[in-house]
Amino acid sequence: MKLIVGNWKMNQTLSQVKAFFEATAHASYKQTAWIAPQALHISTSLSLAGAKIKIGAQNCSEHDSGAFTGENSPASLKDAGASFVLVGHSERRQIFGEQNKTLSLKAAKALSHKLAVIFCIGETLAERESNQTLAVVKKQLREGLEGISSWDEGLLIVAYEPVWAIGTGKVATPAQAQEVHAALRAELKEMYGESGAKVRLLYGGSVKPDNVVELMSQRDIDGALVGGASLKANDFLALCQ
Ligand code: PEP
């Protein structure tokens, strides 16, 4: 079963959230569906989403509590019913300046509260064009997971999202994505043995209903992290079907 995760970013009004789940809560589809709404919509989403769809957050603090105005602690996200959190999305890295060191603390803290972590990595266009893709993503993986030695089964997930493919309509070819996923699988195996090899690897970057089947048919692609196409119920259902 593939895992399809919708990242709504800072989108969806309350009425759009309601309309989305009215259309999806009772729909049938084959794959596993998770949604990350804005944090303030987590509770509403949980009450509307139905049992099949897990709800998560797009970011979390590396701290449990304290004087960190505007942040959400993993403990509070867990209390609110979140099942997972995205860590290190390229928008967090690029717009908010988050670095691997902080991201590793966020991931460790979220895992300690039994939130699944979707740890996001990916190269820029300039890095791809200068043949640095594999070196860049391996570095992000090693530094971003530093200090994490184990996790409850299934809780660590890695998303490969080439920055040049996010929100641009430019999708990695299935072969390009598979090449990186295979390298990440090998790297995780080297780092953690069999539990590393079992980490689910998601592809993200302009995944749409018309390209999802080919991408998901690649051997090392276990699912998708989806921005734009997760906002409309029909598109999201098409991805999950
Ligand atoms: C994302 O935000 O993680 C993403 C992949 O966005 P999009 O699907 O719109 O490219």
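Side notes on the structure shown:
- Global form of region 83-241, assessed from the alpha-carbon gyration tensor, a/c cut-off 1.5: rounded
- DSSP beta bridges in region 3-240 [antiparallel fraction, %, rounded to 5]: 0
- Cβ charges +1 (Lys, Arg) and -1 (Asp, Glu), total dipole of region 3-240, debye: 300
- Annotated for region 111-241: lysine pairs at least 8 residues apart or interchain, Cα distance under 26 Å, count 15.
- By DSSP, the beta bridges lying fully in region 52-170 are antiparallel in about 0 percent of cases.
- Region 69-115 and region 1-68: distance between their alpha carbon centers, rounded to Å: 15
- Values of log10 I(q)/I(0) for region 1-103 across q = 0.12 Å⁻¹ run -0.42, by the Debye formula with one identical scatterer at each alpha carbon and no solvent.
- Cβ crowding within 10 Å averaged over residues, with 114-120, 21-27, 141-147 ranked highest first: 114-120, 141-147, 21-27
- Using a probe radius of 1.4 angstrom, the carbon and sulfur fraction of the accessible surface of region 3-240 is 51%.
- Of 84, 50, 34, farthest towards positive along the dipole that unit charges on Lys, Arg, Asp, Glu beta carbons give the chain: 50
- Dipole orientation for region 195-241: of the candidates 213, 238, 202, 202 has the Cα lying most toward the positive pole (charges on Cβ; Lys, Arg +1; Asp, Glu -1).
- GNM result for the chain, Cα springs below 10 Å: residue of 111, 155, 40 fluctuating most strongly: 40
- Charge context of residue 202, other residues only, Cβ under 10 angstrom, K/R +1, D/E -1: 0
- For region 145-210: rounded, prolate or oblate by the Cα gyration tensor [a/c cutoff 1.5]: prolate
- Cα-centre dipole for region 1-130 with unit charges at Cβ (Lys and Arg positive, Asp and Glu negative), debye to 20: 400
- Comparing 32, 69, 13 in a Gaussian network model of the chain, where Cα atoms under 10 Å apart are tied by springs, the biggest mean-square fluctuation is seen for 69.
- Solvent-accessible area per residue, Å², over the chain with all protein chains present [probe radius 1.4 Å]: 45
- Under-5 Å amide H pairs with residue 87, H placed in peptide plane, nonlocal only: 118, 119, 120
The values are calculated or read from the model by the stated rules, or taken from the named source; none is laboratory data. All figures in this text were calculated on a predicted structure; none of them were measured in a lab. Neighbour counts run over all protein chains shown; Cβ positions are idealised from the backbone, glycine included. The area values use the complete protein model at the heavy-atom level, side chains included, leaving out ligands, DNA and RNA. Shrake-Rupley method; radii C 1.70, N 1.55, O 1.52, S 1.80 Å.
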